[in-house]
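Undergrad: Have a look at the structure that comes next, please.
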Amino acid sequence: MAHDDNSGKEVAAPVSSAADKYEGPSTGTAVIASDAFTDPGFPPHRERMTDLDPKADKRAERQVFTLFYLSIAGSIFAIASYIGFPIESGATGDLRLSTLTLGVGIALALLGLGLGAVHWSKALMMNEEGIDERHPIRGTEATRDRAVEIFKQANEESGIGRRTVIRNTLIGALVAFPLPAVVLFRGLGPMNVNPVESLSSTMWKKGMRLTLDPSGLPVKAADVTLGSAFHIIPEGINDFHDKLERKAKAAVLLMRLDPKDLNPSPGREGWAYDGIVAYSKICTHVGCPVALYEQQTHHLLCPCHQSTFDVENECKVVFGPAARALPQLPITVDSDGYLVAQSDFNEPVGPSFWERS
Amino acid sequence: MATVALIAIGLIFTGGGYALFSSTATAGTSASSQTTIDEGKKLFAANCASCHGAALQGTAAGPSLIGVGAASVDFQVGTGRMPLAMSGPQAMQKPVQFSPDQVSAMAAYVASLSPGPAIPDASLLDGKGDATNGAELFRINCAMCHNVAGAGGALTEGKFAPPLTGVASVHIYEAMLTGPQNMPVFNNANLTPEDKRDIITYLKYLEANPSPGGYELGSLGPVAEGLFVWIFGLGAIVAVTIWLTAKSN
Amino acid sequence: MTNLLTKDEAPAATTTPTKGSRFTAAASNYIEDRTSISGAVKEFGRKIFPDHWSFMLGEVSLYSFVIIFLTGSFLTFFYQASMATVIYDGSYVPLKGLEMSTAMSSSLHISFDLRGGLLIRQIHHWAALVFVAAIGLHMLRIYFTGAFRKPRELNWVIGFVLFILAMAEGFTGYSLPDDLLSGNGLRIIEGMVQGIPFVGTWISFLVFGGDFPGTAIVGRLYTLHILLLPAIIVALIAMHLVFVIVHKHTQFSGPGKTENNVVGAPILPMFAAKAGGFFFIVFGIIVLMASFFTINPIWNYGPYDPSPVSAGTQPDWYIGFADGALRLMPPGLEVVLFNHTYSFNILIPLVVLGLFILVVLIYPFIEAWITGDKREHHLLDRPRNVPTRTAIGAAGVTFYASLWAAASSDIVATHFQLSIEGVIHTVQATTILGPIAAYLITKRVCIALMKKDREIALHGYESGRIVRLPGGEYIEVHQPVDEYERWKLVNFTDNKPLMIRPNAKGQITGLQKVRVGMSKWFFEDRISPVTTKELEHGDHH
């Protein structure tokens, strides 16, 4: 802490320090009227009830130690309820009671302690206001001169200013040395996988059956009645150890509309089967599952950011932040009447990414 | 408001009058299926036919009821959604207008004209299925609209998926089976009767067992938690800071 | 130095040699001989801290961090950050027999099969929400009172970085249970990262260790959550507090309070008792919240699976503004150019929020440049006395609040029976128009309040007493303010806008013109403080 040499000499008006040797800092555009008011100084000290009345003082003292007693009682109650309210029955009611009583005990212990301490300080401790003087944050001239001197001396003793090659190569080395660490972080992702390829395809392929999420049972076209919505996963996905990664791309929503209501664009007429359409459930915005299907309006809504897609018009966006239609999975039926994929999706599913075109 | 009032007056004159008439009628005769259907026919003609057509064929004001079955009637009328009080984004749940007997009479009448999903058997509604399977199916098929805890959620253009707490098992089952309004149909090939029973089991488990952590704040998730922490948590703490720094008397 | 304490203690020990004081003297001697602690006690023991409720908000942040640290350490003994799948076999019936990650099953174990585990989890989570909220309130206090001015600009920057780190801590923690809610949160992050040009795809690939969700992310977030981020936060908090000691605390202007003193309570005993007690009170309030109110019921959400999602999927409140910004984008903001996809529906929110954060971060330097004020400031501004800054702040708060509101658009829609489309369109409008309106209104309100202050300083309060003068005239008697009250109303700095002046070479640079324009904008509408002459004249009419 720098010893001050000018404190207390300034007046209250915010003029810059005159005692400091260096040129005072800019005051900006502040103007001070010549006839401004001056600081009247501290108002007279007001005594508290506890200062004036010994009874009030005693009462406050009693309140403080009662609060501390309460705190001790709270701690004991918390320990007792830990023992006294077991949760091992598995009933949520028991757990709720245990959480509640334990919590109330701990809260009482804490609040008693806290309120008691604050009440003590407010009502009983000395309450004359203290005053500290401030010193400019900037060190004194002498200190700063000495600091500059030390740096100069260090410069001379090391020669860092003179030996420029040493200095520059040092800087170069310091810049270069963290680079291996950056390279090491390539290992966060597997080496032999290209993320662009992996984002561009799903496990759907020609002839793969559409099965129910989560049971994996295949779905017959006849089962999908008008107004239905089936949550679909690819056949056999449950057998993979990476089923969540596969599901994150391949999840599909299956709906049946009146074929008259569907308006497929040229080339996509064959992607539906008798009014049954399958669309990727993964939002083209940021990837939440879009699964809120309104069977009368034929709208699909994403619950995360409210993007709305129109199933009648190839799931084009009608509201919300998403920009692209949901990708459609071309489907048909196999010889047993089960719904199958005609192929994988014809475009990457899910959120847009840089390499997507 | 005027339409609501008009409809209300209409309902009092027609529905109320029929309720009076029919209750005296059922008191006199023993419950036979044909009389039930006849009674349903009268109730239907007075309360439903103006929108849905005398032969269930539907009109400009209401959809056709051909093939909806008893389950659909029981759900729509039994939860008070029908008769519609006013047109809006979706039919709202209201106090039920008819007695359970009258609801089943109308359901029987509609089912007699054209077969459709029936009111489920009580064995599927006992809530004694597999809660784990029910919970998983609920998350996959229902939670995106109704929220994982069945607290409900928003749909497009002012529609919403209603909260499921306090809804009778039979109505939950019928809703899955018939897909009322914008809810998709979950037929028995999609969710088997056992699956539906499991889902009901899970929902009833949530209802019967209190949340272990304490009050749920509406089970609305982080939004409710955030609001709570700002208003009550920080509110309490700021109140303490004011007390803390105020001068003692 | 080492003798200091012994000298002080010696007379006490000789006059009243009670057992307790002898022990205290011996103990302090023992410690002193080995640590030279008396120097610290001398330096800091009677340091003065000014009293104002808003000065405690920073402490709320610090205390909630300590609570998070304590409860978090407990949780690490039971939580397992692994995504290896297990079959759940704990107490919670509707999840029994389900396949899930070890992270999720250990989180459920903490909640259902460890006595007090759920309580600690809930304290940890509630404290995290309080932590970020308290930092936010603390920053608002600093901003609106001008406490960020020289010499405290760097501490503002440190504090703001702490705010960002707190959000990062929150998000990483939110993701650890690997439940459905947090998994969808990570999915959204993955989608956003993929939208970044050039590097997005690869960053996402590296972060998740391959395809989403992979088996690495929870373990990686755990390292960030309990090692890297807390270490940086602790270091920055230490720096933040050292600066508070070096600068000494600011204070509101008032009689006797000047730029050169600090008026308040000494650390020992008053402030230590208050601040120490306050820690327990904050802790107690958070424990009460955790005992009565469920937070993040992971058992409802179930294990993460990419196919399901819950209605009302939202981040914790402090990430809400970013989620809201995503929701507000209109459809169709995506362009394919030269075989590459530009996802403007993600880039615009990222850039706008980035700029917003940058402006807040460097605001002290911007204001200092505009005002040209290079003095140290230890007296706080009343928000009304700097109308332009207060108005900018109100605009910023409105902007943030709009984004925040957008993140709960679906909940707002269902609870007020509105359509989500209507809510989003309304919030889109308030995000753009709201800040402008807030700026204009706040500035006018500040100026009106300053005029009222002037009125009171000159004529006193309206007493409501009507008096008839001998001439028949009626006047309302004004109650004059005393000199202490008046000083509070008149002690603020008046600033004239900068004038265009040629520099040493006699030129007027473009930069100077900009600066003069900004200065004009900042200071033009202003009310000068009342002077003694005005008061004399005021008394005579």
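The values are calculated or read from the model by the stated rules, or taken from the named source; none is laboratory data. Worth saying up front: this structure is predicted, and the values here are computed from it rather than measured. Virtual Cβ from ideal backbone geometry, glycine too; neighbours counted across all protein chains shown. With ligands, DNA and RNA removed, areas are computed over all heavy atoms of the protein, side chains included. Shrake-Rupley method; radii C 1.70, N 1.55, O 1.52, S 1.80 Å.
Undergrad: Can you confirm whether segment A:273-295 contains a residue that is part of a loop (DSSP other than H, G, I, E, B), surrounded by fewer than 22 Cβ atoms within 10 Å (Cβ to Cβ) and within 8 Å of another protein chain (Cβ to nearest Cβ)?
TA: Narrowing segment A:273-295 to residues part of a loop (DSSP other than H, G, I, E, B): A:274-275, A:281, A:283-288, A:290-291, A:295.
When the remaining residues are screened for being surrounded by fewer than 22 Cβ atoms within 10 Å (Cβ to Cβ), the result is A:274-275, A:295.
Narrowing the set further to residues that are within 8 Å of another protein chain (Cβ to nearest Cβ) leaves A:295.
The answer is yes; a qualifying residue exists.
Undergrad: Could you grab the pairs with beta carbons closer than 8 Å, sequence gap of 6+ or different chains, first residue in segment C:39-62 and among the basic types (K, R), second one part of a strand (DSSP E or B)?
TA: Taking only residues 6 or more apart or on different chains, the pairs are C:R46/A:G130; C:R46/C:P266; C:K47/A:D132; C:K47/C:P266.
Undergrad: Of C:A128, C:A147, which residue is assigned to a loop (DSSP other than H, G, I, E, B), under 28 Å from the mean Cα position of the chain (by Cα), more than 8 Å from every other protein chain (Cβ to nearest Cβ) and touching a residue at least 24 places away in the same chain (Cβ under 8 Å)? Steps first, answer last, please.
TA: Values: C:A128 fails: assigned to a loop (DSSP other than H, G, I, E, B).
Matching residue, one of C:A128, C:A147: C:A147.
Undergrad: For segment A:78-136, give me each residue that is under 30 Å from C:H247 (Cβ atoms), of a type outside the set (A, V, I, L, M) and over 32 Å from the mean Cα position of the chain (by Cα).
TA: A:W120, A:S121, A:K122, A:N127, A:E128, A:E129, A:G130, A:D132, A:E133, A:R134, A:H135, A:P136
Undergrad: Going through C:V427, C:V481, C:V412, C:V467 one at a time, which residue ends up being open to solvent by less than 60 Å² (accessible area, probe 1.4 Å) and assigned to a strand (DSSP E or B)?
TA: Working: C:V427 fails: assigned to a strand (DSSP E or B); C:V481 fails: assigned to a strand (DSSP E or B); C:V412 fails: assigned to a strand (DSSP E or B).
Within the list C:V427, C:V481, C:V412, C:V467, the selection yields C:V467.
Undergrad: In addition: Out of all the residues in segment B:62-78, which are surrounded by 21 or more Cβ atoms within 10 Å (Cβ to Cβ) and either over 19 Å from B:P100 (Cα atoms) or β-branched (V, I, T) (or both)?
TA: If the condition is that a residue be surrounded by 21 or more Cβ atoms within 10 Å (Cβ to Cβ) and either over 19 Å from B:P100 (Cα atoms) or β-branched (V, I, T) (or both), then B:L65, B:V68, B:V73, B:V77 are the ones that fit.
Undergrad: Consider B:N47 against the criteria (1) polar (S, T, N, Q); (2) surrounded by 16 or more Cβ atoms within 10 Å (Cβ to Cβ); (3) over 30 Å from C:Q417 (Cα atoms): it satisfies all of them except one. Which criterion is unmet?
TA: Failing condition for B:N47: (3).
Undergrad: Restricting attention to segment C:53-69, which residues are surrounded by fewer than 18 Cβ atoms within 10 Å (Cβ to Cβ) and within 12 Å of another protein chain (Cβ to nearest Cβ)? If you could, list the steps in order and put the result at the bottom.
TA: So the first thing to find is which residues in segment C:53-69 are surrounded by fewer than 18 Cβ atoms within 10 Å (Cβ to Cβ), and the list is C:53, C:66, C:69.
The one that is surrounded by fewer than 18 Cβ atoms within 10 Å (Cβ to Cβ) and within 12 Å of another protein chain (Cβ to nearest Cβ): C:W53.
Undergrad: Look at segment C:237-259 and say how many of its residues are at the interface with chain A (Cβ under 8 Å from one of its Cβ atoms), open to solvent by 20 Å² or more (accessible area, probe 1.4 Å) and without any contact (Cβ under 8 Å) to a residue 40 or more places away in the chain.
TA: 1
Undergrad: Every residue in segment A:225-236 that is β-branched (V, I, T) and modelled with pLDDT under 95, please.
TA: Our first condition is that a residue be β-branched (V, I, T); within segment A:225-236, this holds for A:225, A:232-233.
Hit for segment A:225-236 is A:T225, nothing else.
Undergrad: Scan segment A:89-99 and give yes if some residue there is more than 7 Å from every other protein chain (Cβ to nearest Cβ) and part of a helix (DSSP H, G or I), otherwise no. Please lay out each step first, then the result.
TA: Here is the first cut: in segment A:89-99, the residues more than 7 Å from every other protein chain (Cβ to nearest Cβ) are A:89, A:91, A:94, A:97.
Okay, now just the ones that are also part of a helix (DSSP H, G or I), so A:94, A:97.
Yes; the residues of segment A:89-99 include at least one that is more than 7 Å from every other protein chain (Cβ to nearest Cβ) and part of a helix (DSSP H, G or I).
Undergrad: May I pose another question? Checking the condition in a loop (DSSP other than H, G, I, E, B), among the aromatic types (F, W, Y) and modelled with pLDDT of 95 or more, which residue from C:F78, C:F74 passes?
TA: On the way: C:F74 fails: in a loop (DSSP other than H, G, I, E, B).
Only one candidate passes the filter, namely C:F78.
Undergrad: For segment A:130-151, which positions are buried (at least 17 other Cβ atoms within 10 Å of the Cβ) and in contact (Cβ under 8 Å) with a residue 24 or more places away in the chain? Write out each step before concluding.
TA: Filtering segment A:130-151 down to residues buried (at least 17 other Cβ atoms within 10 Å of the Cβ) leaves A:130, A:132, A:134-136, A:140.
Hits for segment A:130-151 are A:R134, A:H135, A:P136, A:T140.
Undergrad: Could I ask something else about it? When you go through C:I267, C:I189, C:I285 one by one, which is the residue that is in contact (Cβ under 8 Å) with a residue 24 or more places away in the chain and either open to solvent by less than 30 Å² (accessible area, probe 1.4 Å) or not acidic (D, E) (or both)?
TA: Numbers: C:I189 fails: in contact (Cβ under 8 Å) with a residue 24 or more places away in the chain; C:I285 fails: in contact (Cβ under 8 Å) with a residue 24 or more places away in the chain.
Of C:I267, C:I189, C:I285, the one residue that is in contact (Cβ under 8 Å) with a residue 24 or more places away in the chain and either open to solvent by less than 30 Å² (accessible area, probe 1.4 Å) or not acidic (D, E) (or both) is C:I267.
Undergrad: Does C:L449 satisfy the criteria of being in a helix (DSSP H, G or I), within 32 Å of the chain's Cα centre (by Cα) and either within 14 Å of chain A (Cβ to nearest Cβ) or loosely packed, with under 14 Cβ neighbours inside 10 Å (or both)? Before you say what the answer is, go through the steps one by one.
TA: Values: in a helix (DSSP H, G or I): yes; within 32 Å of the chain's Cα centre (by Cα): yes; either within 14 Å of chain A (Cβ to nearest Cβ) or loosely packed, with under 14 Cβ neighbours inside 10 Å (or both): no.
The answer is no for C:L449.
Undergrad: Shifting gears a bit: Does any residue of segment B:129-146 turn out to be within 9 Å of chain C (Cβ to nearest Cβ), closer than 21 Å to B:T79 by Cβ, in contact with a strand residue (DSSP E or B) (Cβ under 6 Å, 6 or more places away or on another chain) and not in a helix (DSSP H, G or I)?
TA: Taking every residue of segment B:129-146 in turn, none turns out to be within 9 Å of chain C (Cβ to nearest Cβ), closer than 21 Å to B:T79 by Cβ, in contact with a strand residue (DSSP E or B) (Cβ under 6 Å, 6 or more places away or on another chain) and not in a helix (DSSP H, G or I).
Undergrad: Looking at C:P17, C:P50, which is the one that is modelled with pLDDT under 95, buried (at least 18 other Cβ atoms within 10 Å of the Cβ) and farther than 30 Å from A:T99 by Cα?
TA: C:P50
Undergrad: Could you check, for segment A:165-177, whether at least one of its residues is more than 14 Å from chain B (Cβ to nearest Cβ) and open to solvent by less than 30 Å² (accessible area, probe 1.4 Å)?
TA: Pass one, segment A:165-177, residues more than 14 Å from chain B (Cβ to nearest Cβ): A:165-177.
Cutting the leftovers down to open to solvent by less than 30 Å² (accessible area, probe 1.4 Å) gives us none.
No, every residue in segment A:165-177 fails to be more than 14 Å from chain B (Cβ to nearest Cβ) and open to solvent by less than 30 Å² (accessible area, probe 1.4 Å).
Undergrad: For the structure I just gave you, tell me whether A:V196 is part of a helix (DSSP H, G or I) and more than 30 Å from A:H231 (Cβ to Cβ). Working first, answer last.
TA: Working: part of a helix (DSSP H, G or I): yes; more than 30 Å from A:H231 (Cβ to Cβ): no.
So A:V196 fails the test.
Undergrad: Just checking, which of B:F138, B:F160 is aromatic (F, W, Y) and open to solvent by 20 Å² or more (accessible area, probe 1.4 Å)? So that I can check it myself, show each step before the final result.
TA: Values: B:F138 fails: open to solvent by 20 Å² or more (accessible area, probe 1.4 Å).
Among B:F138, B:F160, only B:F160 is aromatic (F, W, Y) and open to solvent by 20 Å² or more (accessible area, probe 1.4 Å).
Undergrad: Taking the criterion of being within 19 Å of C:E43 (Cα to Cα) and not hydroxyl-bearing (S, T, Y), would at least one residue in segment C:250-259 satisfy it? Spell out how you get there, then give the answer.
TA: To start, the set of residues in segment C:250-259 that are within 19 Å of C:E43 (Cα to Cα) comprises C:250.
Then keep just the ones that are not hydroxyl-bearing (S, T, Y); that gives none.
Scanning segment C:250-259, I find no residue that is within 19 Å of C:E43 (Cα to Cα) and not hydroxyl-bearing (S, T, Y), so the answer is no.
Undergrad: Return the pair list, or none, for Cβ contacts closer than 8 Å from residues in segment A:317-331 that are in the same structural domain as A:P234 (by TED's automatic domain parsing) and of a type in the set (K, R) to residues that are open to solvent by 10 Å² or more (accessible area, probe 1.4 Å) and not in a loop (DSSP other than H, G, I, E, B), at least 6 apart or on different chains.
TA: Taking only residues 6 or more apart or on different chains, the pairs are A:R324/A:V317; A:R324/C:E334.
Undergrad: Return only the number of the condition from (1) closer than 26 Å to C:F212 by Cα; (2) open to solvent by 70 Å² or more (accessible area, probe 1.4 Å); (3) within 14 Å of chain C (Cβ to nearest Cβ) that A:N194 does not satisfy.
TA: (2)
Undergrad: Return the residue satisfying two criteria in turn: it lies in segment A:180-222 and is in contact with a strand residue (DSSP E or B) (Cβ under 8 Å, 6 or more places away or on another chain) and free of Cβ contacts under 8 Å to residues at least 24 places away in the same chain, and of such residues it is farthest from C:V199 (Cα to Cα).
TA: By that ranking, first place goes to A:L217.
Undergrad: Right, next: Is it the case that segment C:306-329 has a residue that's surrounded by fewer than 24 Cβ atoms within 10 Å (Cβ to Cβ), touching a residue at least 60 places away in the same chain (Cβ under 8 Å), more than 7 Å from every other protein chain (Cβ to nearest Cβ) and over 27 Å from the mean Cα position of the chain (by Cα)?
TA: Within segment C:306-329, not a single residue is surrounded by fewer than 24 Cβ atoms within 10 Å (Cβ to Cβ), touching a residue at least 60 places away in the same chain (Cβ under 8 Å), more than 7 Å from every other protein chain (Cβ to nearest Cβ) and over 27 Å from the mean Cα position of the chain (by Cα).
Undergrad: Continuing with this model, one more query. Within segment C:115-165, track down each residue that is surrounded by fewer than 19 Cβ atoms within 10 Å (Cβ to Cβ) and farther than 23 Å from C:T250 by Cα.
TA: Of everything in segment C:115-165, those that are surrounded by fewer than 19 Cβ atoms within 10 Å (Cβ to Cβ) and farther than 23 Å from C:T250 by Cα turn out to be C:R115, C:I164, C:L165.
Undergrad: So, one more: Checking C:E43 against (1) open to solvent by 40 Å² or more (accessible area, probe 1.4 Å); (2) in contact with a Ser or Thr (Cβ under 8 Å, 6 or more places away or on another chain); (3) within 13 Å of chain A (Cβ to nearest Cβ): exactly one of these is not met. Which one?
TA: Result: C:E43 fails condition (2) only.
Undergrad: Among the residues of segment A:312-357, what is the count of those that are in a strand (DSSP E or B) and within 13 Å of chain C (Cβ to nearest Cβ)? Quick ask: steps written out before the conclusion?
TA: Keep residues of segment A:312-357 that are in a strand (DSSP E or B), which gives A:316-319, A:328-329, A:331-333, A:338-341.
Among the residues that remain, those that are also within 13 Å of chain C (Cβ to nearest Cβ) are: A:316-319.
Number of matching residues: 4.
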